[in-house]
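Step one of this worksheet: look at the structure below.
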Ligand code: GLU
């Protein structure tokens, strides 16, 4: 099959994972491309009036992977490397993720190739609103519901909600999740992904008999996922010995003081230069001796170059697609690292997004306690199902998680049939 406009290393990686699972599950050849290829994609030019009077045109995309089970769901990424191929791979992973945890959604993803750090607040708002305007024909509470991802946040979601609502003529909170609570956001959504990562790490620790107090963790990416996971892990008595962001990493074998670090990051917008730690490169950080490694940044960080050198016992994938199939094969062969695969590990975010959407549709809001209880219940169920299938079939947790997700989408397509 020719992947056309999606062809890129990362889309090929997502397809390679799919093909391996499809072979193992003996999904008929005829059903494979229908499952794999995104249903639709929209690429748009986003003209933005810059502060200096120039008009700059940014490329934006939205890919909806399948529409079989309900609306599509997934984040919007603002990052210089965004391409339609990357967005398509991320949309495919959202499909398997939603199906694995039992949400009535297909996967989607969107993005604009830009560097949000170089934009003023006004430029960021105009870019967000114009991109939303271009997407109006393909988004909506019953069609496709965006959310935050790398480089976007609650404020960006608020602008999306406002732009869409102005077009409709009334407030439509259900068009987007990860909004501020005041605009119909859910309590616990901001923390959901990071807390979910920490919950699954503690379940993985139970499984391999690792005790919390005194254990050490390294976190790549100190954004909404990594920073929240760090705090939750520290609450379990785990020492965070190294963290990094796009500008560099910091390391302190005695453990970082997260309160001080967060205050420093709030001021300088980076972990780099924090006085109570030494600088460390990304490459060195990933292979530090630690119990838990959390890649919570971008794709393709654990590769055939460093997989054999990892010294962690648990690899908890807070990011989407951080481990290449080559690295995965090395880790599976090694057998001494428990990998909590991305579609399970970071699913807390989309789970609480689903709760947010349900609350918006009902205009009836839950307490934070209710949200967290329901979140942990769904995570526990998916964790146990994944673990059991991996044991039964003697496959990796990633293979088991992907199999569960892909099989549900496949079964749904069979039940609905092929029209006409
Ligand atoms: N961007 C997040 C993810 O990759 C969240 C998606 C959502 O909440 O819809 O899972």
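Throughout, read-outs are computed from the coordinates displayed, never taken from laboratory work. The shown structure was predicted, so the numbers you read here are calculated from the model rather than taken from an experiment. As a convention, Cβ positions derive from the backbone with ideal geometry for all residues, glycine included, and neighbour counts pool all protein chains shown.
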By Cβ neighbour count within 10 Å, fewest first, 112, 143, 305 rank 305, 143, 112
Semi-axes (Å, rounded, descending) of the ellipsoid equivalent to the stretch 255-301 per its C-alpha gyration tensor are 21, 13, 11
The answer for the per residue Cα convex hull volume of the stretch 274-417, in Å³, is 165 Å³
Per 10 angstrom bin, beginning at 0 and ending with the bin that holds the maximum distance, the Cα pairs of the chain fall in percents of 5, 23, 33, 27, 11, 1, 0
Compactness check, the stretch 28-101: C-alpha Rg relative to the 2.2 N^0.38 Å globular estimate gives 1.37
Rg/Rh over Cα atoms for the stretch 93-175, Kirkwood Rh, comes to 0.98
GNM on the chain, Cα springs under 10 Å; top mean-square fluctuation among 349, 212, 226 goes to 212
Treating every alpha carbon of the stretch 94-139 as one equal point scatterer without solvent, the Debye formula yields log10 I(q)/I(0) values at q = 0.30 Å⁻¹ of -1.02
The alpha-carbon pair-distance distribution computed for the stretch 48-206, with 5 angstrom bins and whole-percent values, is 2, 9, 17, 21, 21, 16, 8, 4, 2, 1, 0, 0
Whole-Å distance linking the alpha carbon centroid of the stretch 239-309 with that of the stretch 63-110 is 28 Å
Label model pair residue 381, residue 52: point-to-point distance (7 angstrom along the Cα→beta-carbon line) in nm is 5.4 nm
Computed on Cα atoms, the radius of gyration and Dmax of the stretch 275-337 in angstrom are 11.6, 40
Length-normalised contact order of the stretch 128-231, Cα under 8 Å, at least 6 apart, in percent, tallies to 21 percent
Expressed in angstrom and ordered largest first, the alpha-carbon extents of the stretch 209-291 along the principal axes are 38, 24, 21
Contour minus Cα-Cα span, residue 143 to residue 260, at 0.36 nm per residue, comes to 37.8 nm
FRET efficiency for residue 308 and residue 120 from the Cβ-Cβ distance with R0 = 35 Å, rounded to 0.05, comes out at 0.20
At 20 °C and 1.002 mPa s, the Stokes-Einstein diffusion coefficient in µm²/s for the stretch 195-245, with hydrodynamic radius from the Kirkwood sum on alpha carbon pairs, is 198 µm²/s
Summing -39500 (n - 2.57) over every DSSP H run of at least 4 in the chain, dividing by its residue total and rounding to the nearest 500, the 222 nm mean residue ellipticity is -15000 deg cm²/dmol
The orientation-averaged projected area of the Cα convex hull of the stretch 165-228, in nm², is 6.2 nm²
